[in-house]
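Q: Shown below is the structure under consideration.
The values are calculated or read from the model by the stated rules, or taken from the named source; none is laboratory data. Everything numeric in this text was worked out from a predicted model, so none of it was measured. Cβ sites come from the backbone with ideal geometry, for glycine too, and all protein chains shown count toward neighbours. Just the protein is used for accessible areas: all its heavy atoms, side chains included, with ligands, DNA and RNA removed. Shrake-Rupley method; radii C 1.70, N 1.55, O 1.52, S 1.80 Å.
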Amino acid sequence: MGLPDIDIDFCYERRQEVIDYVTKKYGRENVAQIITFGTMQARAVIRDVGRVMAIPYADVDRIAKMIPAELDMTLKKAMESEPELNNLYRNDAQITKLINTALSLEGLNRHASVHAAGVIIADKPLNNYMPIFKTGDDQVTTGYSMGTLEKIGLLKVDFLGLKTLTVIDETLKLVKKHVV
């Protein structure tokens, strides 16, 4: 059993203040937001591979739209459920190559971004535990995603910025202002 996963809700507009406070209290080198990776999903991987293969956009778009827009859809599932897609795969060499290439890339990481709420707090500088990643706007994040961080045993806190709490806060300010 590892450390607890702590979730705390804050006003959306003041969430960064909380992160800044924790960073100041425990040290910039000991606190970072968590990285998350976007993966190559069925439709997107078809579009990306089609672009690299210089297949006309209209043709690639037609193939991509044959893939059902369902949660957890894969190319394999799409080929099993969509006879027209399967037929193109079997009878068109260019589409066969497109789909075979896409199948080999599907599920791989496509890009890195910052987890919506997760922050790691460590007892030592984070680079003792993991690689560090710097985003394009100089934000420091962990180099490992949430699942790996949990295995390492570091404290994970979700500082959730909720717009509903912001609305409540603004409502209370308006009530206090107008009720004398």
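Q: Using a probe radius of 1.4 Å on heavy atoms only, what accessible surface per residue do you get for the chain? Whole Å² is fine. Display every interim value, and only then the final one.
A: Numbers: 11570 Å² over 180 residues.
For the chain, the solvent-accessible area averages 64 Å² per residue.
Q: In addition: Taking the chain, how much of its Cα-Cα pair set, in percent, is spaced more than 26 angstrom apart? Walk me through the intermediate numbers first.
A: Details: 8461 of 16110 pairs.
The share of Cα pairs beyond 26 Å in the chain comes to 53 percent.
Q: Let me ask something else. Computed FRET efficiency, Cβ-Cβ of residue 132 and residue 72, R0 45 Å: what is it to the nearest 0.05? Don't skip to the end; give the middle numbers.
A: Numbers: r = 31 Å, r/R0 = 0.70.
Working from the Cβ atoms, E equals 0.90.
Q: Give the carbon-plus-sulfur fraction of the accessible surface of the chain in %, rounded to a whole number; probe 1.4 Å, heavy atoms of protein chains only. Please report the intermediate quantities before stating the final value.
A: On the way: 6420 of 11570 Å².
Taking all protein chains in place, the chain shows 56 percent carbon and sulfur surface.
Q: To continue, here is another question. Could you work out the relative contact order of region 1-100? I mean the mean sequence separation of Cα pairs under 8 Å and 6+ apart, divided by the number of residues, in percent.
A: 18 percent
Q: Then there is this: Using only alpha carbon pairs under 8 Å that are at least six residues apart, calculate the relative contact order of the chain and give it in whole percent. Don't jump to the answer; show the numbers that get you there.
A: Working: 252 pairs, mean separation 73.6, N = 180.
So the answer I get is 41 percent.
Q: Let me confirm the definition first: pairs of Lys residues in the chain, 8 or more apart or on different chains, C-alpha distance under 28 Å. How many are there?
A: Lysine pairs meeting the criterion: 24.
Q: Using a Gaussian network model on the chain with a 10 Å cutoff between Cα atoms, which of 34, 132, 168 fluctuates the most?
A: Largest GNM mean-square fluctuation: 168.
Q: Taking 41 Å as R0, compute the FRET efficiency from the Cβ-Cβ separation of residue 139 and residue 53 and round it to 0.05.
A: Numbers: r = 34 Å, r/R0 = 0.84.
E between residue 139 and residue 53, to the nearest 0.05, is 0.75.
Q: Right, something else. Pick from 36, 96, 142: which residue has the top mean-square fluctuation in a GNM of the chain where Cα pairs under 10 Å get a spring?
A: Of 36, 96, 142, the Gaussian network model singles out 96 as fluctuating most.
Q: If a paramagnetic tag sat 7 Å from the Cα of residue 162 along the Cα-Cβ line, which residues of region 1-39 would have the backbone N under 18 Å from that point?
A: In region 1-39, the label zone of residue 162 (backbone N under 18 Å from the point 7 Å along Cα→Cβ) covers 5-19.
Q: Now, a different point. What's the Kirkwood radius of region 79-130 in Å, using all Cα pairs?
A: The Cα-based Kirkwood calculation yields 15.1 Å.
Q: What distance in nm lies between label points placed 7 Å from Cα along the C-beta direction at residue 148 and residue 94?
A: 3.9 nm
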